[in-house]
Amino acid sequence: MGLLNQARKHTEKIIDFLYEQVKNQLDKKPRTYRQIARKNYLKVAKKRRPFLNERKKAIKQQLQYIKRNISHIKQLVYMGANLSELSNRQYKLLLVVSEIYRQQLWLYENKKKSIDNRIVSLNQPHIRPIVRGKAGKTVEFGAKLSASCFDGYVFLDHISWDNFNESADLKSQIELFKNYTGYYPESVHVDKIYRTQENRAWCKERGIRISGPPLGRPPINVSKEKKKQAADDEKIRSCIEGKFGQGKRRFSLNRVMTKLSYTSKTAIAITFLVMNLSTYLSRLLRAFLCLFFRNLPFSQYKISKPYSLLVFRKQKLIFCSSLNN
């Protein structure tokens, strides 16, 4: 209902703009009933829990107002108004409004609650609602991405505004790892959603151990070695979760302020780039301090913990996870 109200107000602005071009040819301005439409919207929007019949009635009214406004726009164009005089933003929003009207009309007539590629934002039509099932946030809005972590560096492998199953990205992530290092990893430490039969069989063919318990009924007696292995795998996998937390808290990954689709993707990619640069600089500083204190006499400086020079080497580990921003 709120989305339809925004669409209605935008069509009213376009009618005002186009009327100025052909007002000499018309006796009076097309009526839009904007004050009545606003009152009808606020009558339901201000209620904390409106009844279902009231909400349906308000949606029907807003659809009728938008339909009338679109017909007025077509009439003004037929009378000689030029749509090319609209700004790029106004023309884009007009196209978005027409699509919103089509989708919401179909939902109202067919008594449905979902439709493919449903628009939920007038200014950002590329955003899709993604059902997550988390406590307090059953639905999230934003880009969904799949990332992998190797040697402390995070790689952004897949980013999309649509909902996707991240388990299909495991093969491509491992192949990218092979192209980067020249060999397959010894083990992969992944979320539960990645541990499908297809991914397990694919990793087994290439001699890659995948973390997590095997599929099927859990065994009754588990050896201490397997328990320790599972605990170690979970500790290793927590690195990627920590990177997501670091990106949100320190690098504002959960506060992307850009509006367009490609600019938002660019901002997210730059965030991961800055995270990797921060990791590299911290390691470089640590190596410099190790070399600096190593050359000093120990009689003058007391070091409580022995420091060793950090050696950059390729580890055969990859961590995969996903995030919806």
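The values are calculated or read from the model by the stated rules, or taken from the named source; none is laboratory data. Note that this is a predicted model, so its numbers are computed, not measured. So basically every Cβ, Gly included, is an ideal-geometry build from the backbone, and we count neighbours across all protein chains shown.
Quick notes on this one:
- Tabulated pairs, the range 78-95, first within 19 Å of K29 (Cα to Cα) and among the acidic types (D, E), second outside any helix (DSSP H, G or I) and modelled with pLDDT of 90 or more, C-beta under 7 angstrom, 6+ apart or interchain: none
- Contact annotation: residue pairs with Cβ atoms under 8 Å, 6 or more positions apart or on different chains, pairing a residue in the range 99-125 that is assigned by TED's automatic domain parsing to the domain that holds K9 and closer than 16 Å to H10 by Cα with a partner that is β-branched (V, I, T) and part of a loop (DSSP other than H, G, I, E, B), are E99/I119; I100/I119.
- Exactly one residue out of L260, L277, L273 is over 23 Å from Y184 (Cα atoms) and in contact with a His (Cβ under 9 Å, 6 or more places away or on another chain), and it is L260.
- Criterion applied to K314, K259, K305 was being in a loop (DSSP other than H, G, I, E, B), assigned by TED's automatic domain parsing to the domain that holds D162 and modelled with pLDDT of 85 or more, and the one residue passing it is K259.
- Picking from residues in the range 57-71 that are free of Cβ contacts under 8 Å to residues at least 24 places away in the same chain and farther than 14 Å from L42 by Cα, the one that is surrounded by the most Cβ atoms within 10 Å (Cβ to Cβ) is Q64.
- A single entry from Q90, Q35, Q62, Q104 fulfils the requirement of being among the polar types (S, T, N, Q) and over 34 Å from the mean Cα position of the chain (by Cα): Q35.
- The strands (runs of 3 or more DSSP E) found entirely in the range 130-244 that carry 3 or more residues being assigned by TED's automatic domain parsing to the domain that holds A267 are 144-150, 153-160, 187-189.
- Among the residues of the range 26-67, just one is in contact with a Phe, Trp or Tyr (Cβ under 7 Å, 6 or more places away or on another chain) and polar (S, T, N, Q), namely Q62.
- Residue within the range 280-292 that is at pLDDT below 90 and aromatic (F, W, Y) present: yes
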